[in-house]
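Everything on this sheet refers to the single structure shown next.
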2 protein chains.
Amino acid sequence: MEKGMYFLDQKDMPTHWYNIMADMPGDMPPLLHPGTGKPATVDDAAGLFSRACAEQELNTKDRWIEIPEELMEVYRTWRPTVLHRAYRLEKALDTPAKIFYKYEGTSQAGSHKPNTATAQAYYAKKQGLKGLCTETGAGQWGSALSMGTRFFDIECKVFMVRISFDQKPYRRILMETYGANCVPSPSTETKSGRAMLEKWPDCPGSLGLAISEAIEYMIDHPEYKYSIGSVANHVLLHQTIIGEECRKQMEMADAYPDIIVGNIGGGSNFAGQFFPWIRDKISGEKPDMRIICCEPESCPSVTKGLYEYDFGDSVGLTPLIKMYTLGHGFIPPPIHAGGLRYHGMAPTICHLHRLGFVEAVALPQTAVFEAGVKFARIEGILSGPEPCHNVKVAMDEALKCREAGESKTILIAHSGHGHFDLAAYDAYLTGKLQDYAYPEEEVKKAQLELPKVG
Amino acid sequence: MEKGMYFLDQKDMPTHWYNIMADMPGDMPPLLHPGTGKPATVDDAAGLFSRACAEQELNTKDRWIEIPEELMEVYRTWRPTVLHRAYRLEKALDTPAKIFYKYEGTSQAGSHKPNTATAQAYYAKKQGLKGLCTETGAGQWGSALSMGTRFFDIECKVFMVRISFDQKPYRRILMETYGANCVPSPSTETKSGRAMLEKWPDCPGSLGLAISEAIEYMIDHPEYKYSIGSVANHVLLHQTIIGEECRKQMEMADAYPDIIVGNIGGGSNFAGQFFPWIRDKISGEKPDMRIICCEPESCPSVTKGLYEYDFGDSVGLTPLIKMYTLGHGFIPPPIHAGGLRYHGMAPTICHLHRLGFVEAVALPQTAVFEAGVKFARIEGILSGPEPCHNVKVAMDEALKCREAGESKTILIAHSGHGHFDLAAYDAYLTGKLQDYAYPEEEVKKAQLELPKVG
């Protein structure tokens, strides 16, 4: 009998998050205060986030950060997630490659996002905050924070990118079922939102703009803090439980990945998976391990962006982040992978890419859905549009293994299901799904507005 | 540390289904051939189902039936499912009761249904059939059979009850993503469907009518067999893997259920859970264990039906089944728990109810959704409308434990998620969800048409 799933007993769960900042090679450029242009302090960050998250954001010393027991109790309602061996896919591709996928779609909210949503809600509650406000793209993050805040009995306000709000009404209802308040962005509730609606009444919205609205909402509601679902160091930190679990599960399977593939929007799911592995590459122990970041061709921050300081939001309310950016004013085309419609990227991932530790590839959405439909028919799982990117690249790599007769081990960082994305599958199946070319002119225009630094 | 989830290693998976027919107390009335009125033979059943399923349907001798290894390979893509301990719910209810739930919602199709869908597809493929045709209510069964047939590379035709087809468009798209053909019932593709549409153009449909259409389709396509998602003995047999796994998991938790609650539409999920336990009650070892079947107030087969021979479908194409029935022509009100809109009930469950081994309770849908929203806010899981019934009854029993100061162990048979049922949650949250009274007059009228037997 060959195992198709590797469970990890809760008694063997990782008890600490892995803080890659303690091991980061090279000199990673710091976050800068947008007013002074000086490196951001914990106090600066605590103006945005709960204090515990602000401390984690700037922590470059502690390699391991303990997960509080009260939070572990919550994690134990859905973690550890399962590591799958994709035997059926290997057979269908007739490849000697071994394909694994760590699947986060069995969390209650449907993705990896609750790993940090519950953590952020826990710290907010501990600090005595009344609520958290946030943005959401595809709705995975908003659903997760709605659940997390409800679990710790605080309020939740969500600005949801309008294109996704319209494409995925079920996501809004899910957030409301958890008890959150969710509005489409641009909204009439903030200055940033109203300004955009005046300029462009049908604006599909963007993650960058929704972040601006959420931060503005926080400024207007001092008993709230802002909560972010990706990009920031503390968010990626909370996600490392994925990779730490996966290391133990791959050991159970007597396997080690030659290739790890994951999609990146802000980077949180993939970083959560690959940070715990890349330390073997940083240490020189596994120099040949490949880490492949997948992004949409129409919003290719890493493959086409400039490596510059830029704002995390559209309006310019966040700290300045040194990252690959398409320009904070760029509004990506309305692809279905809403979680990947972001102009920037986690600065840690950008830095590792600059140093050559990770690679990146950009994909058109019809090829991505084609792979998603194949995966559903072979493995049964209906993937979100975001992880469909990884499935596509993993299949391509497995086919290369067939050509070369190589038995590589491929690990897919699978962030969640696509149960709320069926309109997109319908569009694909009926031939109505379109690809969007890289909007070079819009990007160039947006990049003219990069902030001047130093 | 207290475990919130109990995983079962795949090496410890049950290798056999449990055939309760070998242990059934009393004389259970046989299936009758609708034409001759004589007990149905394997050949009769094989006119409807694949031969292997027909044999299982009438097998009263073998207590254990081995699960074929090729099917086990498929089971290992999502099984064993997890047993949860609902610590958060216990705490919220401030009850000394211990609450467990075995959750089938992590299967790729979202429910327990793939346990039998993949089995039926396996046997059909082995027999050389071209495809399977079926009905579906809420869409869980249709999704599962679409996946199962795709896994074994045969065709799939689904007649979906129109009210659910309209309420849950995502279910249709999911079936199509798996490659199935799905049409609303009543359809124009069969005589039964056309006759109903002529009489009642806006007919919301019913499981009974959809079954008639599927059987008619099979008669017109001799290279197809009919596949059913509940009621039949072989279907309930395939589902016993749930309870067999659960016994091992409860042992890991050092617990034994005092009360098991589950919803019944045709009865397959709940029977799959409780058959493996009820043998301890039949044997006299656990005389006080309570097994509570939950059904909708507007379609209360067990609590209000007559115990008579009736057809399983609306038109009269199935064998005659001795069961609690509201009359095969009864069209239940359009409640959201589409999986429970059935006029009859698995004959095994009816027989066990007659003998006093199980009890039944009927619930109105607003109370059921109220419980579902509470459960989502406490445990995070968004339940399908069907298992919301169980959640409601389990909560009530846990509160009784609080009153009495008793620490009973309550086990919920949780059949799956409600990701495609969010329109129903929206209706509840906005106060638009209505209850339907028991339609006594319609039932009386339908029961006038019960077939004459003997």
Filter the range A:4-30 down to the residues that are over 30 Å from residue B:3 (Cβ atoms) and touching a strand residue (DSSP E or B) at 6+ places or on another chain (Cβ under 6 Å), then identify the one that is most open to solvent (accessible area, probe 1.4 Å).
A:30
Yes or no: the range B:211-222 includes at least one residue that is within 14 Å of chain A (Cβ to nearest Cβ) and more than 23 Å from residue B:340 (Cα to Cα).
no
So, in the range A:207-232, exactly how many residues are in a helix (DSSP H, G or I), within 15 Å of residue A:311 (Cα to Cα) and either open to solvent by less than 10 Å² (accessible area, probe 1.4 Å) or not hydrophobic (A, V, I, L, M, F, W, C) (or both)?
9
Could you check the range A:107-136 and list, in sequence order, the residues that are closer than 19 Å to residue A:82 by Cα, touching a residue at least 60 places away in the same chain (Cβ under 8 Å) and within 11 Å of chain B (Cβ to nearest Cβ)?
A:107, A:109, A:110
Going by the conditions given, is residue B:433 in a helix (DSSP H, G or I) and over 24 Å from residue B:95 (Cβ atoms)?
no
Name every residue in the range B:184-201 that is surrounded by 14 or more Cβ atoms within 10 Å (Cβ to Cβ) and either in contact with a helix residue (DSSP H, G or I) (Cβ under 8 Å, 6 or more places away or on another chain) or in contact (Cβ under 8 Å) with a residue 40 or more places away in the chain (or both), in order of residue number.
B:184, B:185, B:186, B:187, B:189, B:190, B:192, B:193, B:196
Restricting the range A:137-176 to residues that are among the polar types (S, T, N, Q) and either within 13 Å of chain B (Cβ to nearest Cβ) or in contact with a strand residue (DSSP E or B) (Cβ under 6 Å, 6 or more places away or on another chain) (or both), which is surrounded by the fewest Cβ atoms within 10 Å (Cβ to Cβ)?
A:167
Name the residues in the range B:25-34 that are in a loop (DSSP other than H, G, I, E, B), under 28 Å from residue B:221 (Cβ atoms) and out of contact with any helix residue (DSSP H, G or I) (no Cβ under 8 Å at 6 or more places or on another chain), would you?
B:34
Within the range A:332-363, track down each residue that is touching a helix residue (DSSP H, G or I) at 6+ places or on another chain (Cβ under 7 Å), small (Gly, Ala, Ser) and surrounded by fewer than 22 Cβ atoms within 10 Å (Cβ to Cβ).
A:360, A:362
Looking for something over 24 Å from residue B:376 (Cβ atoms), open to solvent by 40 Å² or more (accessible area, probe 1.4 Å) and at pLDDT 95 or above - is there at least one such residue anywhere in the range B:97-119?
no
Considering the range B:362-413 alone, what residues qualify as being more than 14 Å from chain A (Cβ to nearest Cβ) and on the phi > 0 side of the Ramachandran plot?
B:405
If we keep only residues of the range A:120-136 that are in a loop (DSSP other than H, G, I, E, B) and touching a strand residue (DSSP E or B) at 6+ places or on another chain (Cβ under 9 Å), then the residue surrounded by the fewest Cβ atoms within 10 Å (Cβ to Cβ) is A:130
Residue B:298 vs. criteria of a type in the set (Ser, Thr, Tyr) and buried (at least 22 other Cβ atoms within 10 Å of the Cβ):
no
Number of positions in the range B:166-183 that are free of Cβ contacts under 8 Å to residues at least 60 places away in the same chain and in contact with a Ser or Thr (Cβ under 6 Å, 6 or more places away or on another chain):
3
Picked from the range A:364-423 (must be more than 24 Å from residue A:267 (Cα to Cα) and among the charged types (D, E, K, R)), the residue least open to solvent (accessible area, probe 1.4 Å) is A:379
Of all the residues that make up the range B:75-96, how many are open to solvent by 40 Å² or more (accessible area, probe 1.4 Å) and charged (D, E, K, R)?
3
Being touching a residue at least 60 places away in the same chain (Cβ under 8 Å), hydrophobic (A, V, I, L, M, F, W, C) and farther than 20 Å from residue A:207 by Cβ, is that true of even one residue in the range A:372-379?
yes
Any residue in the range A:324-347 that's in contact (Cβ under 8 Å) with a residue 40 or more places away in the chain: show its pairings with residues that are of a type in the set (Asp, Glu) and surrounded by fewer than 24 Cβ atoms within 10 Å (Cβ to Cβ) at Cβ separation under 7 Å, as long as the two are six or more apart or on different chains.
A:325/A:308; A:327/A:449; A:329/A:449; A:330/A:442
Listing of helices (runs of 4 or more DSSP H) fully contained in the range A:138-206 that carry 3 or more residues being among the basic types (Lys, Arg)
A:191-199
Going by the structure shown, is residue A:1 within 14 Å of chain B (Cβ to nearest Cβ) and open to solvent by 60 Å² or more (accessible area, probe 1.4 Å)?
yes
Is there a residue being away from chain B (no Cβ under 14 Å) and over 30 Å from residue A:37 (Cα atoms) anywhere in the range A:307-328?
no
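The values are calculated or read from the model by the stated rules, or taken from the named source; none is laboratory data. Since this is a predicted model, take the numbers as computed values, not measurements. Cβ: placed from backbone, ideal geometry, glycine included. Neighbour counts: every protein chain shown. Keep in mind that these areas ignore ligands, DNA and RNA; they rest on the heavy atoms of the full protein, side chains included. Shrake-Rupley method; radii C 1.70, N 1.55, O 1.52, S 1.80 Å.
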